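Below you'll find the structure, written out as structure tokens, and then a few comments.
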Amino acid sequence: MTNASELRRLLVPLTSASSYHLRMSVGHDPLVSPARLLHAVVSAPDMPRGDRPVPSWPPAVEELEQCLRLLTFSDDQVLALLVAACTEDLAYEGSIGPWASDGTPVGPWAPEIVRPILRQVARLLGPQTRWWSNCTFPEWCFDTGDFHDGVSRWPVTDHTFDRALVGIGDQATFTVLAFAED
């Protein structure tokens, strides 16, 4: 089994059809640019459009290249970003749900369920994985766990908020795109 196949198998619990504003993609070619990997996600036929009309959709690969920045964070910090992207609503601070009748999160989107899966994803990508994002985060975000304030963003969708994380490992790639409307 290839690393990309194993990644896809691991992510099955997180990629079921739902109303969540999250898209994930796994690739097998580490020579593809981060912008091309992200372009495949934002231009997919099932990618919902946001509320803000833009002159041309989807954005060109060259436009996405201008939005992505290489991240220089530790593996634990990148894991924190991945967990936040999969569990937090970008428009409103808090969990993206689903919630039980008592208000507690249930389903695959709770951090305690997502974190071990994403830790395995990072392990399969390998220790030399390089990560890009359309957001920059101050160091204090990692100290507080607040990835909403102080974040600079370069939009990659026509949604009010979006956060892309693209990881390129030795034998596989992983793209996460979270988006939300205000």
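The values are calculated or read from the model by the stated rules, or taken from the named source; none is laboratory data. Keep in mind the model is a prediction, meaning the values are calculated, not measured. Cβ sites come from the backbone with ideal geometry, for glycine too, and all protein chains shown count toward neighbours.
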Among residues of region 24-76 being part of a loop (DSSP other than H, G, I, E, B) and small (Gly, Ala, Ser), the residue modelled with the lowest pLDDT is SER56
Quiz item: Does VAL114 meet the test of being under 14 Å from LEU79 (Cα atoms), out of contact with any Gly (no Cβ under 9 Å at 6 or more places or on another chain), of a type in the set (Val, Ile, Thr) and touching a residue at least 12 places away in the same chain (Cβ under 8 Å)?
Solution: yes
Of the residues in region 87-97 that are within 14 Å of GLY145 (Cβ to Cβ) and not hydroxyl-bearing (Ser, Thr, Tyr), the one that is modelled with the lowest pLDDT is GLY94
How many residues of region 140-177 are out of contact with any helix residue (DSSP H, G or I) (no Cβ under 7 Å at 6 or more places or on another chain) and in a helix (DSSP H, G or I)? The answer is 4
Result of the Cβ filter at 7 Å on region 132-151, keeping first residues that are touching a residue at least 40 places away in the same chain (Cβ under 8 Å) and of a type outside the set (A, V, I, L, M, F, W, C) and partners that are assigned to a helix (DSSP H, G or I) and surrounded by 15 or more Cβ atoms within 10 Å (Cβ to Cβ), at least 6 apart or interchain, is ASN134/CYS67
